[in-house]
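Computed from the coordinates by the stated procedures, all read-outs in this text should not be read as laboratory data. What you see is a predicted model, and the numbers here were worked out from it, not measured in a lab. For neighbour counting, all protein chains shown are included, and Cβ atoms are generated from backbone atoms with ideal geometry for every residue, glycine included.
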């Protein structure tokens, strides 16, 4: 079992999957802020994948983490060609040199034919059109787990979980690039930089957080689907969504790590019958959501439906008001007295 | 001294943290079962030659994230009773040099127990030359003024096969300190 971290508070994030439009603004905001080094071209601390789908890295589930009885599961380090996907480089020089040459102009194209990428199967989804086709977007980042597999995996004690906020950090001065952390993380949210020969991961935008500013992925989200705050703040959005209303659930709780990123599960339009009429059955199979978020998804979906119904009847719903993020300031509760969004 | 040295898989059960000891519990066979070792002193210079079979040398990571490079290290105890198995212990340090196939110069290394290894710029004049030929790595360390070996006259060796994903505690090691002369 992982060394128990002495965390006094835990920062957390909730993402409402009903509002994610897959625009990748979070991905770009994170990438531009933290991952522009040569060796991190392939690495996305934040990515948005289409589900059902293979994700990034491809088929990442099931490598590492723990069993239901707490036993360590051996993971693997994904490769670039088939799992992460290599960062693309393009034939800019060729195009520039030959522009204006006759009728035959070279196309701008990747130097090497790509085989996979962070967003390769976007919008593919599953199910037969038009009766039951479905997909939704799943933004993913480090879960800053309560029992981090990466921390447990590092023989050099190069990974720590901060006591004051539970953020999991790599000490790159101590890291020797063994990549046991990459193997052990079942979410595959630790990355290796082959140029610097150290591992890297989401730092929950620590420098921003310490100034009372939400992480870039949350702050830049056009859909306002992200909520940030402390798990124990009963006046904040996280406690309300996770514990109060119970509609925000961890991804793959069966991995046994206590992830601190939570998701409001997606609901979709109903399936259609053979005549194209709504059936009342969910288009996104609930069994699939159970695979992702566990059995509590039934209760969460029920609560969401009840609260939506209240709204439709014109009644008040604190949950719906919170989720719609009409007052964006309520989405971020980082420091009492901090009004993050003006 | 000059001779063949049987190597063993470093026991993963001792690895700090909870992952390696369980995930690699079955890694009991050394990826490099045998090495040849030659150590001689020439004035203040220790010359240590190591060679071992390596069918698939890995000289550099390149851009790859799932590749591990070949490496080797020689260690000596700073105090006579520094334990070999755990690379020293608090207050009982070991030190030496580490060659990696992707580096021009060796690291200087020092440890006081598993997980405590510190890499640094090797002392002045410490060098490592390596050649892969006919399926074998041959690495020659030149380690002038290595006082720990002067004093103790014993060393331990470790070999990492990159193609076998050896790194950190996943390595082949000599089964104890090796006497290198009187």
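Rounded to two decimals, the Cα radius of gyration of region A:18-107 over 2.2 N^0.38 Å is 1.56.
The Kirkwood hydrodynamic radius of region B:1-89, based on inverse pair distances between different Cα atoms, is 16.0 Å. Alpha carbon centre of region A:42-59 versus region A:132-209: separation in Å? If you average the Cα positions of each part, the centres end up 15 Å apart. Modelled label positions at residue A:21 and residue B:36, each set 7 Å beyond Cα in the direction of Cβ, lie 7.0 nm from each other. Average projection, convex hull of the Cα set of region A:87-134: 5.6 square nanometres. Modelled spin labels at residue A:97 and residue A:6, positioned 7 Å past Cα toward Cβ, are 6.3 nm from each other. For B:15, B:134, the sequence from fewest to most other C-beta atoms within 10 Å is B:134, B:15. When both region A:78-119 and region B:2-65 are represented by their alpha-carbon centers, they are found 40 Å apart.
In percent, rounded to a whole number, the relative contact order of chain A is 23, using alpha-carbon pairs under 8 Å and six or more apart.
In terms of surrounding Cβ atoms within a 10 Å radius of their Cβ, A:92, A:252 rank from fewest to most as A:92, A:252. Each eigenvalue of the Cα gyration tensor of region A:206-342, multiplied by 5 and square-rooted, gives one semi-axis; in descending order these are 29, 18, 14 Å. Here each label is just a point 7 Å from Cα along the line to Cβ, and for residue A:234 and residue A:36 those points are 4.5 nm apart. Rounded, prolate or oblate for region B:1-49? Axes are the square roots of the Cα gyration tensor eigenvalues, ordered a ≥ b ≥ c, and the cut-off for rounded is a/c under 1.5. It comes out oblate by the Cα gyration axes.
Taking other C-beta atoms within 10 angstrom as a stand-in for reagent exposure, A:128, A:171 fall in the order A:128, A:171, fewest first. Each stretch of four or more DSSP H residues adds -39500 (n - 2.57); spread over every residue of chain A, this sum gives -5000 deg cm²/dmol at 222 nm. Our estimate of slack between residue A:104 and residue A:272, defined as 0.36 nm per intervening residue step minus the Cα-Cα distance, is 55.6 nm. Can you classify the protein assembly as shown as rounded, prolate or oblate using the Cα gyration tensor, where a ≥ b ≥ c are the square roots of its eigenvalues, rounded means a/c under 1.5, and otherwise it's prolate if a/b beats b/c and oblate if not? Here the protein assembly as shown falls in the prolate category.
Tally the DSSP beta bridges in chain A and give the antiparallel ones as a percent, rounded to 5. If I count the DSSP bridges inside chain A, around 80 percent turn out antiparallel.
Across chain B, the relative contact order, built from alpha-carbon pairs under 8 Å that are at least six residues apart, equals 27 percent. With the alpha-carbon atoms of region A:1-155 aligned to their principal axes, the span from lowest to highest coordinate is 68, 47, 29 Å, starting with the largest.
Each 5 Å bin from zero up to the one holding the largest Cα-Cα distance in region B:2-179 carries the following percent of pairs: 2, 9, 18, 22, 23, 17, 8, 3, 0, 0. Relative to one another, the C-alpha centroids of region A:254-315 and region B:142-182 are positioned 59 Å apart. Here is the P(r) of region A:134-212: all C-alpha pair distances, binned every 10 Å from 0, give 18, 50, 25, 6, 1 in whole percents. In terms of its C-alpha gyration tensor, region A:221-288 has a prolate overall shape, because the principal axis ratio a/c (a ≥ b ≥ c, square roots of the eigenvalues) is not below 1.5 and a/b outweighs b/c.
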